[in-house]
1. Taking the residues in the range 48-65 that are in contact with a Leu (Cβ under 6 Å, 6 or more places away or on another chain) and among the hydrophobic types (A, V, I, L, M, F, W, C) as candidates, determine which candidate is surrounded by the most Cβ atoms within 10 Å (Cβ to Cβ).
2. Within the range 54-71, does at least one residue satisfy the condition of being under 14 Å from the mean Cα position of the chain (by Cα), in a strand (DSSP E or B) and of a type in the set (A, V, I, L, M)?
3. Can you name every residue in the range 10-53 that is within 12 Å of the chain's Cα centre (by Cα) and among the polar types (S, T, N, Q)?
4. Output yes when any residue across the range 79-94 is surrounded by fewer than 16 Cβ atoms within 10 Å (Cβ to Cβ), closer than 22 Å to E17 by Cβ and out of contact with any strand residue (DSSP E or B) (no Cβ under 8 Å at 6 or more places or on another chain), and no when none is.
5. P46 - would you say it is in a loop (DSSP other than H, G, I, E, B), closer than 15 Å to I100 by Cα and either touching a Ser or Thr at 6+ places or on another chain (Cβ under 6 Å) or not aliphatic (A, V, I, L, M) (or both)?
Amino acid sequence: MEKLQSMEQFNQLKNEERTLFLFSADWCPDCRVIEHVLPGIEANYPEYTFIYVDRDEFIDLCGELDIFGIPSFIAFHEGKEVGRFVSKDRKSQEEIEEFINGLVG
């Protein structure tokens, strides 16, 4: 999964056809739990570009997007937010895939 490098890159990526941002942090135990399933999820959804956003590096962006718990996901389609799975709760592979399957766009 590619790691977000700048706000300019975020603005470019959210305007692409299908981008899914994972907001996470290295110190987050619930984020670490899902790390091993993420490559499989990426492989199952090749139509999406998956981007890792380090919550500590992009704290202002998290505030703008009302992300106060991690791990969290926000999906964009051509600049429009089409779905979010945002909470402080641990997420399972099944829950993440259910979220992706429910996206429109």
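Bear in mind that the values in this text are calculations on the coordinates, not laboratory data. Remember, it's a predicted structure, so these values are computed and weren't measured experimentally. Every residue, glycine among them, receives a Cβ derived from its backbone with ideal geometry; neighbour counts consider all protein chains shown.
1. Among them, the one singled out is V53.
2. no
3. T19, S24, T49, listed by residue number.
4. There is at least one residue in the range 79-94 that is surrounded by fewer than 16 Cβ atoms within 10 Å (Cβ to Cβ), closer than 22 Å to E17 by Cβ and out of contact with any strand residue (DSSP E or B) (no Cβ under 8 Å at 6 or more places or on another chain).
5. Yes.
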